[in-house]
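Asker: Have a look at this one before I ask anything.
The values are calculated or read from the model by the stated rules, or taken from the named source; none is laboratory data. If you're wondering where the values come from, they're calculated on a predicted model, not measured in any experiment. Ideal geometry is used to build each Cβ from the backbone, glycine not excepted, and the neighbour counts take in all protein chains shown. Surface accessibility is based on the protein's heavy atoms, side chains included, excluding ligands, DNA and RNA. Shrake-Rupley method; radii C 1.70, N 1.55, O 1.52, S 1.80 Å.
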Amino acid sequence: MKTLDAVLDRLERWVIFFCFSTSLLALTYGVVARYAFRRPYAWPDELSLYLFLLMTFVGAGASVRAGSELRVDALYERFPGARLWLDLWMHGVRLLAAVLIAYYGWQFVAVEKMFMNYTPILGIPVPWIAAMLPLFGGLLAVRTVLKLVELLGRK
């Protein structure tokens with residue numbers, strides 16, 4: 001489990017770094033080309049959009065590992081003795097959501113594959129873009145299971 005966690009952590013960090021730096025370079029190029037050379041290009045905006053989506057999905061999985069996902073602490077403060085049960089509930093609901101995202105994401109990829117459309121500017125196959133959904137669901141499910149194992153191992 002520790003090895004899987006370490007591999008995922010390293011992969012997430014590199015993907016986020018790659019997406020952020022590539023997006024930054026593409027957008028900088030687009031701004032310079034637009035204002036300095038009077039040659040506006042649309043591809044940096046489209047590329048940055050897809051990289052931002054990937055970075056967001058991978059970052060959401062990484063936030064589960066770090067324990068920095070959004071949550072409302074009112075129940076934790078109201079019922080401090082039920083923290084374990086509230087954590088189990090939260091992780092269970094997240095796991096269900098992750099499985100649903102992965103399942104319906106694959107169905108969405110299959111539909112997009114039937115139509116085989118391409119993005120308007122870069123010409124990327126839309127099923128590749130849609131594949132971010134099941135990837136995100138799978139990553140979120142693995143991260144949640146690792147958190148559940150860690151949580152149950154402490155008690």
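Asker: Relative contact order of the chain, please, whole-number percent, based on alpha carbon pairs below 8 angstrom and at least 6 residues apart.
Answerer: Reported relative contact order: 25 percent.
Asker: Taking Rg and Dmax of the Cα atoms in Å as the quantity of interest, determine which of [x] 19.3, 63; [y] 14.6, 45; [z] 17.6, 51 was computed from the displayed structure.
Answerer: [x]
Asker: Further question: With labels modelled as points extended 7 Å from the Cα through the Cβ direction, what inter-label distance (nm, one decimal) is found for residue 117 paired with residue 99?
Answerer: So the label points at residue 117 and residue 99 sit 3.1 nm apart.
Asker: At 1.4 Å probe size, with the rest of the protein present, what percent of the exposed accessible area of region 19-116 is carbon and sulfur atoms?
Answerer: Exposed carbon and sulfur together represent 72 percent of the surface.
Asker: Next question. Could you pull out every residue, at least 5 positions away or on a different chain, whose amide H is within less than 5 Å of the one on residue 118? Hs are placed 1.01 Å off N in the peptide plane, and Pro or chain starts have none.
Answerer: 126
Asker: For residue 85 and residue 49 in one chain, what is 0.36 nm times their gap in residues minus the Cα-Cα distance, to one decimal in nm?
Answerer: 9.1 nm
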